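The next block holds one structure in the form of structure tokens; read it before the comments.
The values are calculated or read from the model by the stated rules, or taken from the named source; none is laboratory data. Since the model is a prediction, treat every value here as computed from it, not as a measurement. Cβ placement follows ideal geometry from the backbone for every residue including glycine, while neighbour counts extend to all protein chains displayed.
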Amino acid sequence: MAKLKYDKKTGRLLFTKQMRKEYTLLFPMMAPIHFEILGEVFRKLGYNCQLLETNGPDIAQTGLKYVHNDTCYPAILTIGQLINAVQTGGYDINKVALIITQTGGGCRASNYIHLLRKGLKKAGLSQVPVVSLNLSGMEKNPGFKLTIGMIRKAIAAVIYGDSLMCLRNQCRPYEVNDGETDRLVSKWQKYIIDKMTNGKGYKLKDMSELLMRIADDFHNLELDRSERKVKVGIVGEIYVKYAALGNNNLEKFLQDENCEVNLPGILGFVLFKIDNRLEDIKLYGGSKLKRFVCQKLMNYCLKVEEVLISSISRYDEFVAPSRYEHTKSLVKDVIGYGTKMGEGWLLTAEMLELAESGYENIVCTQPFGCLPNHIAGKGMIRKIVEINPKANIVAVDYDAGAPKVNQENRIKLMLSIAKENLEKAKVEI
Amino acid sequence: MEELRVGLDIGSTTIKCVVIDSDNRVLFQSYERHLSKISEKIEEVLNRLKKGILKDYDSVKISLSGSAGMGIAESCGFPFVQEVYATRIAANLLNPDTDVIIELGGEDAKILFLNNGVEVRMNGSCAGGTGAFIDQMASLLNVSIAEMNELAKSHEKIYTIASRCGVFAKTDIQPLLNQGARKSDISASIFYAVVNQTIAGLAQGREIKGNILYLGGPLTFISELRTAFDDVLKTNGICPENSLYYVSLGAALASDKLIDLDLLLERVKNYSHTGNFAFRPPLFTNEEDYRLFNERHNKEMVVTLPFEDYDGPCFLGIDAGSTTLKCVVMDEKGNIRFSRYMSNSGNPVPLVKNILEEIYSLKPNIKFKSSAVTGYGEDIIKNAFKVDFGIVETIAHFLAAQKFMPNVEFVIDIGGQDIKCFKIHNGTIDNIFLNEACSSGCGSFLQTFASALGYDIETFSKLGLFAKRPVNLGSRCTVFMNSAVKQAQKDGASIEDISAGLSLSVVKNALYKVIRASSPDELGKNIVVQGGTFLNDAVLRAFEIEMGVNVVRPNISGLMGAYGAALYAQAMCELNKESSSIISEKELKEFTHEIQVTKCAICENHCRLTINKFNDGRRFIGGNRCERPITKKTGSNELNIYEYKLRLLQSYNDSSKGKLGEIGIPMGLNMYELLPFWTVLFNNLDIKVTYSSLSSRKLYLYGQATIPSDTVCFPAKLMHGHVRDLISKGIKKIFYPCMSYNIDEKKGDNHYNCPVVAYYPEVINNNIKDLKTENIEFIKFYVGIHRRKDFPQKFYESIKNYFPSLTLKDVKIAAKRAYQAYENYFRKIQIKSDEIILKAREEGKQIFVLAGRPYHLDPEINHGIDKMISSFNVAIISEDVLAHKVKKKITVHVLNQWTYHSRLYSAAFYIKDQKDMNLIQLVSFGCGVDAITTDEVRDILERYNKIYTQIKIDEITNLGAVKIRIRSLLSALERKENANGKIEVR
């Protein structure tokens, strides 16, 4: 059995090479399509990964028990989900490790990993190692190294996920044969996982080819677009935006309200986080080498983005994701590019971008008391409406104590206006 | 047959029904309370319609609206119209020239802007400033809503009351009552608080002007509330006929689907709930269980003996709590001879007077040997009735608990509005937890809830004892619980399940929000519970279940404070004197009490003073933060670094003539500490600097309508007032830069500002309209003072757009001086703090590190807490000066990445071996970052056996709770020193 080893300087429990062989690595769910692919890719690389698909009220309760209650809701949920799984998931508690992302930005989210460790200690589980998944070189572990190859594969997983999510959301509300869209998503997910676990499908050329085929398949779905539906965009803090656990199954709710939903993809967030480093250097000065490396990575992601967009934009019936540079240009005179903590200016930009591409009804999701959202979310709504008077935005707070009825009631108000606008638009046509 | 349409509006407390004809004329309307029995009430209303106006109809066009109507509409197949939307439909028809609608309901507050782009606003997750809030306040004042309205008409003064949530307001109002403020002034103040809450929370930068319509229950029934709105908005709004029925009218107007009435009734009748809600095991599975439980708890007895049989010396204990008044007369052996427990309708003085009269009439020759008073009303009661001793509540409760369990390790008291608990270690109180403003009110919440559901508290809580499936309502602020309960009802939870669920929640709140315990082991095995709320068997049982241990509930649980005070009186008089100074029977007959209200003019805190005058010419002043209005002394602020820093910053006079022009700097957030930096920088560039005025309530209100996020911290909210203040001063260029990073003090892993400090200029830029209309140049570019070498170049590139004649050379020289000025500032405050420490040590004074953020210097933010603490004859320093004494990076268990917060950790670390230093952390409500720092600072301190104290601050100005904390801390420190646990004479 693997010995527990600690970092000499900080005393942090390390994830060792031996553990990599013996341990199960648990990670919390966020965006299902993406994460399922990502999980399988990591498994193939020799990590015994387990994506947690648990839900239910026990998760939040566990979180509340072990994390400071005023901490943001995503921390309570992700940490709750991890600890709950260790406690009740039937794993050998001496052969399980946890993995959590760390962005290294100036918001509280960078501290989740520390809060998780504190929680584990409180729960008497301090022997469980925690691995940080980040691009900033924080917290190294002998048993877990993020290689260039892994980063490329992860980017590929994000791209495929974004593509499937984007197409699914635009087809499912109009499908003629119930469940067909979801079946198509599953089919492709399997196919991609199969490709990638065989070391294929993550080169630009392969991606381009695969993405084209995916778009073709969705194009060939039998759809009925005769009824115009209310189009709703979802933006917000990244976890509550994507995770059903965090937003009380918002996508499902909107679907039941007969809406078409648009969730801007994860690639935009990845680009934003890389771009931040470049902006920092531009604003305050900094090393040329760092700039060179970031620019390289940025360029690569932009190429990948191009591949994604061109695969979808071939079909007129689909709204392809906007180019990062375009989305960015929308906030030029609205909010500074130095606003980088959390979702930063990207959140504002996504709202403007959605409104511009026909999704002017927007749910801006945020954890109660989310600091960056005071600025880039609620703080910018006034300006957004000034720029695009059609924008119909509702900001919704999510929290362990915020009841679903209230949230849905406020969203329904937004939808009432959306429906009225839709009727007016129909008359105009 | 005429085509009729029906609209039903099911709000949080009432159900409204309207029937209209095809010409939109109202044929029928009804308004009644539903007491949360929603489906029954709908059935009743529908049946009434069916027998009456709809008797010839089989089907009718009908729709449902209202916050509580959504669930039932969905499952019974009613068309649903969102209520704000419904209001709009009705207003468009009835008042087409309306610009803005303000509608207050039971738990909702809404503003609708109808012209220039329709916008609708609804309160988010907070029910502050709504009908429920006003109801709560009325019950606190012990008057009806109508009486409250009448009272408000004769008001003379308006007090500042936080209306964000009822819990906050209570902490503001209670001390006012205790200090003897007039109910009429308080009533009016409550209405103004509602107005401010509505504007701050919902206007979000949009001006409320034009034709205004007032709708909903509170605005219909309370004329003074409308007056308050008119006054604040400088307008004349109208409250139209049918103002209660706009939502139901809108729903009726929107009805376009014919629905079969019988079918509908059938569905409502069979409205089978999903039954799908999270629940917990029952509190008691059977009667036997409950019997055993009672048997166990009836054992712990303090004996109550007949009063008339006893002629020996007596000890009087009074606990003038926030919502109840308790009084005990104890004999020499610790038996209770007389006791009273009554609800406190506000002013405790007449109540105590009545009790004393009763005692004297029962026992004319009573020999009071000593007396003591504790609780919120301590000061006024002590003065009014010449009580011998005053004692802080925590100590009173500890003394009483020891009587029941000499080896007690943990005492928890849940009272009307507070939770107090503390750990006992080696016979001294070692850790105190008081509920922070956001989760208090637990006991009174149960009460309010019971009456909202049409029960008295006792019946209501008993309902929960044998509930089969207690709802899992979580551990949250009571305001949120209100809506959680609605959700549970929608999901089919019975009243029994809800009652039990609420009891469980009260307990969880205490455990996980206040104490922040994760397991019973942390609190020890020997627990005494007390306070009125634990008289409730359901709560007590819930506590035992949650903790997994059996606890002791003294049979005088509700009287513990008073009993503790009596014990204290006894202990003190043994060491002290022969007979009590308490008011005699004769004096009591002549006793009168008069109240005057005035504003203290001595310093910028402008405390509202209540001057209590008694018949014998004695006076008592309440509401003061410091001793100055009483002693008339200038007060020695020599040992208070907060005073020094504020004065030092004010001394950075502008020395420039401003050849190149003038800029304004808003004085808030990070600009506080950077004032020396920017002043010197700009002065050296020949640019004149003007600051915004010192913060005040008025300045805050001036900016509040432009605040987009009502949950952001108060210091950030204040910035809106500061920027508007600069504009009103005629400043044309305002400098408020964005700063992701702060200076790197090499104390942590990074040196960020928090997101709010970093980017608040972006919010200001997009939400203060005057910036555009007054053509202000708002300078908010990003600066990086952390990169000293790059700063001049980068700063130059940006600033030259506003001052084109500047050269890079100028900026380089100015920047150098600016950095020097910044360092000089720190040097100065460090020297001063060293002096303070030295002096305090010479004089043998305790040194308190009042730790927070640089902007906590602002008297409007710290509410004079520094002055209040220093009035206890202690020295005060701040975290920044100590942090600089710690040279190396310290190890913490969090990501140490914010400059201001790193200082907290370093300061906590520094005092670990400074015997006479203790740390008090100031935390702004809504500060997300402090959710991380508070736990870590506590951790560091407790590792080295130091007591951690936290004070949450917001708009609120009540210092009563803070005082308790400080006094408890001082007394705990005293006892720690003499660890044998005897009571010391003060």
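A few notes on this one:
- Residues within the range B:100-124 that are touching a helix residue (DSSP H, G or I) at 6+ places or on another chain (Cβ under 9 Å), over 12 Å from B:Leu202 (Cα atoms) and modelled with pLDDT under 80, tallied: 4
- Residue match in the range B:925-938 (condition: away from chain A (no Cβ under 14 Å) and surrounded by 24 or more Cβ atoms within 10 Å (Cβ to Cβ)): no
- Count of residues meeting criterion [assigned to a helix (DSSP H, G or I) and either of a type in the set (Gly, Ala, Ser) or touching a strand residue (DSSP E or B) at 6+ places or on another chain (Cβ under 9 Å) (or both)] in the range B:697-724: 7
Every residue, every condition in (1) among the small types (Gly, Ala, Ser); (2) within 14 Å of chain B (Cβ to nearest Cβ); (3) touching a His at 6+ places or on another chain (Cβ under 8 Å); (4) at positive phi, yes or no:
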{"residue": "A:Glu53", "(1), (2), (3), (4)": "no, no, no, no"}
{"residue": "A:Ala60", "(1), (2), (3), (4)": "yes, yes, no, no"}
{"residue": "A:Tyr66", "(1), (2), (3), (4)": "no, yes, no, no"}
{"residue": "A:Thr71", "(1), (2), (3), (4)": "no, yes, no, no"}
{"residue": "A:Pro74", "(1), (2), (3), (4)": "no, yes, no, no"}
{"residue": "A:Gln81", "(1), (2), (3), (4)": "no, no, no, no"}
{"residue": "A:Asp92", "(1), (2), (3), (4)": "no, no, no, no"}
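- In the set (1) within 14 Å of another protein chain (Cβ to nearest Cβ); (2) under 27 Å from the mean Cα position of the chain (by Cα); (3) within 23 Å of B:Asp930 (Cβ to Cβ); (4) not small (Gly, Ala, Ser), the condition left unmet by B:Thr706 is number (3).
- All helices (runs of 4 or more DSSP H) inside the range A:323-429 with 3 or more residues being free of Cβ contacts under 8 Å to residues at least 40 places away in the same chain, facing chain B (nearest Cβ under 9 Å) and of a type outside the set (Val, Ile, Thr): A:404-428
Yes/no per residue for (1) in a strand (DSSP E or B); (2) within 14 Å of chain B (Cβ to nearest Cβ); (3) touching a residue at least 40 places away in the same chain (Cβ under 8 Å):
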{"site": "A:Lys9", "(1), (2), (3)": "no, yes, no"}
{"site": "A:Gln18", "(1), (2), (3)": "no, no, yes"}
{"site": "A:Lys21", "(1), (2), (3)": "no, no, no"}
{"site": "A:His34", "(1), (2), (3)": "no, no, yes"}
{"site": "A:Ile37", "(1), (2), (3)": "no, no, yes"}
{"site": "A:Arg43", "(1), (2), (3)": "no, no, yes"}
{"site": "A:Gly46", "(1), (2), (3)": "no, no, no"}
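- Counting only strands (runs of 3 or more DSSP E) wholly contained in the range B:1-110, the ones carrying 1 or more residues that are within 14 Å of another protein chain (Cβ to nearest Cβ) occupy B:5-10, B:59-65, B:100-104.
- Within the range A:217-225, one or more residues are assigned by TED's automatic domain parsing to the domain that holds A:Thr181 and without any contact (Cβ under 8 Å) to a residue 40 or more places away in the chain.
- Total residues in the range B:905-941, condition more than 15 Å from A:Asp70 (Cα to Cα) and either modelled with pLDDT under 85 or β-branched (Val, Ile, Thr) (or both): 4
- The numbered conditions (1) assigned to a helix (DSSP H, G or I); (2) under 24 Å from the mean Cα position of the chain (by Cα); (3) farther than 25 Å from B:Arg619 by Cβ are all true for B:Asp379 except (3).
- The range B:767-781 - residue that is more than 7 Å from chain A (Cβ to nearest Cβ) and assigned to a helix (DSSP H, G or I) and, of those, surrounded by the most Cβ atoms within 10 Å (Cβ to Cβ): B:Leu771
- Hey, A:Arg108 in contact (Cβ under 8 Å) with a residue 24 or more places away in the chain and outside the structural domain of A:Lys21 (by TED's automatic domain parsing) or not: no
- Total residues in the range B:863-904, condition within 20 Å of B:Leu970 (Cα to Cα), in contact (Cβ under 8 Å) with a residue 60 or more places away in the chain and assigned to a helix (DSSP H, G or I): 6
- On the stretch given as the range B:782-796, residues that are part of a loop (DSSP other than H, G, I, E, B), over 14 Å from B:Leu674 (Cβ atoms) and at the interface with chain A (Cβ under 7 Å from one of its Cβ atoms) total 2.
One line per residue, one yes/no per condition, for (1) farther than 24 Å from B:Arg206 by Cβ; (2) modelled with pLDDT of 95 or more; (3) at the interface with chain A (Cβ under 7 Å from one of its Cβ atoms):
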{"site": "B:Lys698", "(1), (2), (3)": "no, no, no"}
{"site": "B:Met719", "(1), (2), (3)": "no, yes, no"}
{"site": "B:Ile727", "(1), (2), (3)": "no, yes, no"}
{"site": "B:Lys733", "(1), (2), (3)": "yes, yes, no"}
{"site": "B:Cys738", "(1), (2), (3)": "yes, yes, yes"}
{"site": "B:Lys747", "(1), (2), (3)": "yes, no, no"}
{"site": "B:Cys754", "(1), (2), (3)": "yes, no, yes"}
{"site": "B:Asn765", "(1), (2), (3)": "no, yes, no"}
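- Qualifying residue in the range B:565-577 (condition: modelled with pLDDT of 80 or more and within 30 Å of B:Lys183 (Cα to Cα)): yes
- Lone unmet requirement of (1) surrounded by fewer than 24 Cβ atoms within 10 Å (Cβ to Cβ); (2) polar (S, T, N, Q); (3) under 25 Å from A:Gly161 (Cα atoms); (4) within 13 Å of chain B (Cβ to nearest Cβ) for A:Ser287: (3)
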